[in-house]
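Student: Below you will find the structure I want to go over with you.
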Amino acid sequence: MSRLHCLIMLWVLSTFLIVSQAAAEDLVVSSDFPGGSAEVVKIDQNQRTILVRPAGDPQFGWPCWWYFQVTGITLGEELTVTVDASQMKQANGLKLSAAWALPEQAAFSSDQRLWSQTGPGKKQGETCVWNVKPEAKVVWFAWGPPFVPADAEESVKTLSQKHANVTAFELCKTRAGRSVPALVVSPVGEKDESRMVIWVQARQHAWESGGSWVGRGFIEWAVSDHPQAIALREKADIYYVPIMDIDNVATGNGGKNQVPHDHNRDWSEHPRWNAVQSAMKSLKALDESERLVLFVDLHNPGANSKQPYFYIAPPELDTQRRKALQDAFIAVCRQEMQEPFKLDQSTPSTGPKYDKRWKEISSNWVRSVTREYVVGITLETCWNTPHSTPAGYRTVGQQLGRGIARYLEQDPRSSPAPD
Ligand SMILES: [Zn+2]
């Protein structure tokens, strides 16, 4: 090849490189949408790396939740996304462990509807780095699959339109004026005051988005044509609240341990949060009419939990009969919850050693103020596993539904007191 040829080729090559580099758009990170949370620390447009921190205000709960959009992606390019969780503080100024904000696999989506997981990230100190090759020009990354107020709204609306026996209602308006969507499943036109009632709710802690996905799996199963679901509906009315702390979910805050206390430390004589106040009022009335038999509160636990588990009644709130019913409920759930998650054998309790406001925890309040046959329980579904996806969570919800259906094959109200 002649020197001239060589020079021409070099010129062509360098022009190509300049043009192709110029063709790459700038990456832009935004969290200005419902549920969004990210502080952009640095974007390197040449290296295609993004560094963010969770941006929640500790006054509104643990700032471990993050959720952001990236635009300007060239199809097929590799992005390096780093979340720095080293600066997280609780409202009292103490450090919050980075583990809460760093799933091994992050959630990502190209349409905010279908959520998959990235490959496992690389932990580097209190940061985690994920390499992703999106097949879209715009993608969203999040701590886990988001479930925001619009999803709750849409879910109760769709189910009520599709099923005659589902009625959507507003549990209340929040302190910030947002609507809290809820639904009840009950036969139309039938006023049977002896039917049992179950109450399932999620997201007293806003960041625990997995709770709403478990709830969605549960309620979609409960209204389905599955014979066990039909049998359940023949006996029981079902109340369902997809998101209790709507305000913090909407603003991308964590909710957990917010000031002065969070939703799940608010079940007192003077509840601060409207959703808690409304739920307490309804539950009390349902118990007074001797209809309430089961209350289930859905949560996500700590990063190291790899199996779902129940928080059960502390001995202080137990009677023999209550405990026998609770054991029976857990036993059927244990048979149902096998894959992808096996229900953990251990059943910790939320007594005085767990928290000084232990009496103001929802399931403990239910146990202390309702009739003896009412089971009040908390289900924690692990978030830091390859199955902690919408599909995995929904399966847990269906299994919970089957457990509930089997448990209620016999009416717990007529259960004998154990010898
Ligand atoms: Zn929680």
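Student: What are the lysines whose alpha-carbon lies under 17 Å from the alpha-carbon of Lys95, with same-chain residues fewer than 8 places away excluded?
Tutor: Here the lysines satisfying the reach criterion relative to Lys95 are Lys256.
Student: Right, next: How large is the convex hull of the Cα atoms of the stretch 84-210 per residue, expressed in Å³ as a whole number?
Tutor: Details: hull volume 22.6 nm³, N = 127.
About 178 Å³ per residue, rounded to a whole number.
Student: What's the angle, to the nearest 10 degrees (0 to 90), between helix 3-23's Cα axis and the longest principal axis of the chain?
Tutor: Long axis of 3-23 versus the principal axis of the chain: about 30 degrees.
Student: In the Gaussian network model of the chain, springs joining C-alpha atoms below 10 Å, which of Gly56, Gly392, Gly119 carries the largest mean-square fluctuation?
Tutor: Gly119
Student: By how many degrees, 0 to 90 and rounded to 10, does the Cα axis of helix 209-222 deviate from the longest principal axis of the chain?
Tutor: With rounding to tens, the tilt is 50 degrees.
Student: Tally up the carbon and sulfur contribution to the accessible surface of the stretch 149-414 as a whole percent, 1.4 Å probe, everything protein left in place. Write down the numbers at each step before the final one.
Tutor: Details: 4870 of 10100 Å².
Carbon and sulfur together cover 48 percent of it.
Student: OK, next. When the chain is modelled as a GNM with alpha-carbon springs shorter than 10 Å, which of Thr385, Thr370, Thr319 fluctuates the most?
Tutor: Of Thr385, Thr370, Thr319, the most mobile in the Gaussian network model is Thr319.
Student: Expressed as an acute angle from 0 to 90° and rounded to the nearest 10, what is the orientation of the C-alpha long axis of helix 390-407 relative to the principal long axis of the chain?
Tutor: 10 degrees
Student: A follow-up question, please. Please give the per residue accessible area of the stretch 21-142, computed with a probe of 1.4 Å over protein heavy atoms only, in Å². Spell out each step's value before the answer.
Tutor: On the way: 5770 Å² over 122 residues.
Normalised by residue count, the accessible surface of the stretch 21-142 is 47 Å².
Student: Which value, in Å², gives the accessible area per residue of the stretch 149-414 when a 1.4 Å probe is used on the protein heavy atoms?
Tutor: Computed with neighbouring chains in place, this is 38 Å² per residue.
Student: Let me check the size of the stretch 21-142 from its C-alpha atoms; what are the radius of gyration and Dmax in Å?
Tutor: Reported Rg and Dmax, both Å: 14.1, 47.
Student: For the pair Gln410/Lys162, report the inter-label distance in nm, with labels modelled 7 Å from Cα in the Cβ direction.
Tutor: 3.4 nm
Student: So what's the chain giving for Cα Rg divided by 2.2 N^0.38 Å, two decimals?
Tutor: Working: Rg = 24.2 Å, N = 419, 2.2 N^0.38 = 21.8 Å.
Relative to the 2.2 N^0.38 Å estimate, the chain comes out at 1.11.
Student: What lysines does Lys323 reach when the alpha-carbon gap must be under 28 Å and sequence neighbours fewer than 8 apart in one chain are set aside?
Tutor: Hits, sequence-local ones excluded: Lys235, Lys281, Lys284, Lys306, Lys342, Lys353, Lys356, Lys359.
Student: With a 10 Å cut-off between alpha carbons and a GNM built on the chain, which of Ile312, Ile404, Ile43 moves the most?
Tutor: Evaluated over the chain, the most mobile residue of the options is Ile43.
Student: How many angstrom lie between the C-alpha centres of the stretch 296-316 and the stretch 351-403?
Tutor: 6 Å
Student: Hey, what D do you get for the stretch 338-387 in µm²/s if you plug the Kirkwood alpha-carbon radius into Stokes-Einstein at 37 °C and 0.692 mPa s?
Tutor: Working: Rh = 13.0 Å.
So the translational diffusion coefficient is about 253 µm²/s.
The values are calculated or read from the model by the stated rules, or taken from the named source; none is laboratory data. Since the model is a prediction, treat every value here as computed from it, not as a measurement. We place every Cβ from the backbone using ideal geometry, glycine too, and count neighbours over all the protein chains shown. What goes into the accessible areas is simple: the full protein's heavy atoms, side chains included, and nothing from ligands, DNA or RNA. Shrake-Rupley method; radii C 1.70, N 1.55, O 1.52, S 1.80 Å.
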